[in-house]
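Novice: This is the structure I have questions about; it appears just below.
The values are calculated or read from the model by the stated rules, or taken from the named source; none is laboratory data. The model shown is predicted, which means the values in this text are computed figures rather than measured ones. Here the Cβ positions follow ideal geometry from the backbone for every residue, glycine too, while neighbour counts run over all protein chains shown. Just the protein is used for accessible areas: all its heavy atoms, side chains included, with ligands, DNA and RNA removed. Shrake-Rupley method; radii C 1.70, N 1.55, O 1.52, S 1.80 Å.
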Amino acid sequence: MELPISRQLAELAWALLLGGGLGLYYDLLRALRRLRPRLTAALDVLFALAVWWSLLLFALNPGRGLFRLYCFAAMLLGSIFYFLGTLM
């Protein structure tokens, strides 16, 4: 079963947004880590759970049960774009 290009582009866009959102969430947790260094392990676990939950929901909703490999690359690009945007 082939996936139409329009649906692939929509998944790609959602993956880019998800990567940027996870980058923002990481930044927020990084600010908390700097304020309270003792919470580093707990905040890392919280971020890992957020990534796991978002990947699961992404695969179930836009992916309709499948997580395609290009979505990993798009999420990585989304987070890179976020972090490059914060440097400017």
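Novice: To the nearest 10 degrees, how steeply does helix 40-60 sit against the main Cα axis of the chain, on a 0 to 90 scale?
Specialist: Once rounded, the angle reads 10 degrees.
Novice: From the residues Ala42, Phe58, Ala15, which one has its Cα farthest along the dipole of the chain in the positive direction, the dipole being from +1 and -1 charges on Cβ of Lys/Arg and Asp/Glu about the Cα centre?
Specialist: Looking along the dipole axis, the top candidate is Ala42.
Novice: Work out the FRET efficiency for Ala73 and Leu32 from their Cβ-Cβ distance, taking R0 = 22 Å, and round it to the nearest 0.05.
Specialist: Values: r = 29 Å, r/R0 = 1.31.
That gives a FRET efficiency of 0.15.
Novice: Please find, in a Gaussian network model of the chain (springs between Cα atoms separated by less than 10 Å), the residue of Gly19, Gly65, Gly78 whose mean-square fluctuation is greatest.
Specialist: Largest GNM mean-square fluctuation: Gly65.
Novice: Determine the dipole magnitude for the chain: charges of +1 sit on the beta-carbon of Lys and Arg, -1 on that of Asp and Glu, nothing else is charged, the reference point is the Cα centre, and the result goes in debye to the nearest 20.
Specialist: Numbers: 8 positive and 4 negative charges, 70 e Å.
It comes to approximately 340 debye.
Novice: Express the accessible area of region 1-73 per residue in Å², computed with a 1.4 Å probe while the remaining protein chains stay in the model. Mind dumping the intermediate values first?
Specialist: Working: 5270 Å² over 73 residues.
On a per-residue basis, 72 Å².
Novice: Another question, then. Share of the chain's accessible area from carbon and sulfur, percent, 1.4 Å?
Specialist: Values: 4720 of 6370 Å².
Of all accessible area on the chain, carbon and sulfur atoms account for 74 percent.
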